[in-house]
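Notes follow the structure.
A short reminder: the numbers here are calculations on the coordinates, not readings from a lab. All figures in this text were calculated on a predicted structure; none of them were measured in a lab. Every residue, glycine as well, gets a Cβ built from its backbone with ideal geometry; the counts of neighbours run over all protein chains shown.
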Amino acid sequence: MAARHSTADLLDAAVHVREAARSATAGATGVGTVLTALAEVVEHDHASLARWDPERRRHTTLAGSYPQEATAYIEGSLHHDPVFPVLRSPDRGGLWLGDVPPPLLAASPGFRDVLAPLGIEDGVAQCLFDADGRYVGMLNVSIRRPRRTPDPARAVVTLLTEALAAAVASCEDPAPGGAPPEPAPGRPGGLSPRELEVLAELTAGRTNRQIAERLYITPRTVGTHIEHILAKLDLPNRAAAAARAAAWGIGSPR
């Protein structure tokens with residue numbers, strides 16, 4: 001499907017993507033329909049939406065058209081790529097391949113060993129964050145043939161990230177054998193899943209910045225989570241929170 005180039009067409013295409021994302025968020029359709037609609041905005045050869053699994057610390061592809069080797073890299077290795085720290089800041093938009101500094105591109109195994117052999121010459125990678133700043137996954141779009149992506153189309157991709165993040169965050173990995181997932185156990189202290197993740201990181205004595213880098217959120221968001229943890233547990237400081245976590249058997253891998 002050819003991408004739209006006039007402003008009116010791009011707006012129509014953006015509406016289609018948002019509608020597809022809303023349907024996927026509600027569970028009415030799969031996220032594959034989102035990528036189909038996205039092709040109206042950016043004509044591409046490969047694309048994928050992947051969800052970040054914080055427990056296994058890897059991505060899981062929800063829908064995509066990349067070859068197996070590229071999919072495996074996105075899932076298991078992309079978050080270790082030198083380009084990824086540039087991508088994961090919630091304050092930036094998508095990173096288009098043509099905008100990556102040449103030295104950084106040359107240092108990227110993802111481009112050198114995966115995308116370049118596929119003949120990829122352009123595209124965008126966009127990290128997705130929910131309303132609380134939690135990293136939930138990413139969009140990858142790759143283009144082989146040289147095509148000019150109009151600036152309005154680039155802007156539309158950035159504006160759609162909230163809807164894409166909601167669609168990705170709503171998806172869960174299927175349980176083995178198709179069985180329904182087990183209900184979540186009671187959470188100690190009434191903490192949210194993200195607060196428990198931050199609490200676990202405190203047991204390792206990590207700074208806010210180090211925790212932010214491991215959980216793909218901002219240091220400011222980490223600080224907010226710690227404030228909430230201390231308030232909910234009625235504790236005076238992070239050392240006391242770490243001690244409480246240790247007593248509960250909550251810890252972070254070194």
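Of the residues 168, 66, 78, the one whose Cα sits farthest toward the positive end of the charge dipole of the chain, with +1 on the Cβ of Lys and Arg and -1 on the Cβ of Asp and Glu, is 78.
Run the dipole for the chain about the Cα centre, Lys and Arg Cβ at +1, Asp and Glu Cβ at -1, nothing else charged, and hand back the magnitude in debye, nearest 20.
Working: 26 positive and 29 negative charges, 127 e Å.
Value, rounded to 20: 600 debye.
Relative intensity of the chain on a log10 scale, I(q)/I(0) at q = 0.08, 0.12, 0.17 Å⁻¹, equals -0.35, -0.76, -1.29, per a Debye sum over C-alpha point scatterers of equal strength in the absence of solvent.
Counting other C-beta atoms within 10 Å, which of 228, 46 has the fewest, and how do the rest follow? Each step should come with its number before you reach the end.
Values: 228 15, 46 20.
Ordered from fewest to most neighbouring Cβ atoms within 10 Å, 228, 46 come out as 228, 46.
What's the angle, to the nearest 10 degrees (0 to 90), between helix 7-25's Cα axis and the longest principal axis of the chain? Orientation of helix 7-25: about 40 degrees from the principal axis. At the listed q of 0.13, 0.18, 0.24 Å⁻¹, the Debye profile of the range 20-111, built from one uniform point per Cα, gives log10 I(q)/I(0) equal to -0.52, -1.00, -1.43.
Taking every pair of alpha-carbon atoms in the range 189-248, give the share separated by more than 16 Å as a whole percent. Don't jump to the answer; show the numbers that get you there.
Working: 549 of 1770 pairs.
The answer is 31 percent, as a whole percent.
Applying the criteria of a DSSP loop state and at most 13 other Cβ atoms within 10 Å to the GluC sites (Glu not before Pro) of the range 12-101 yields 55.
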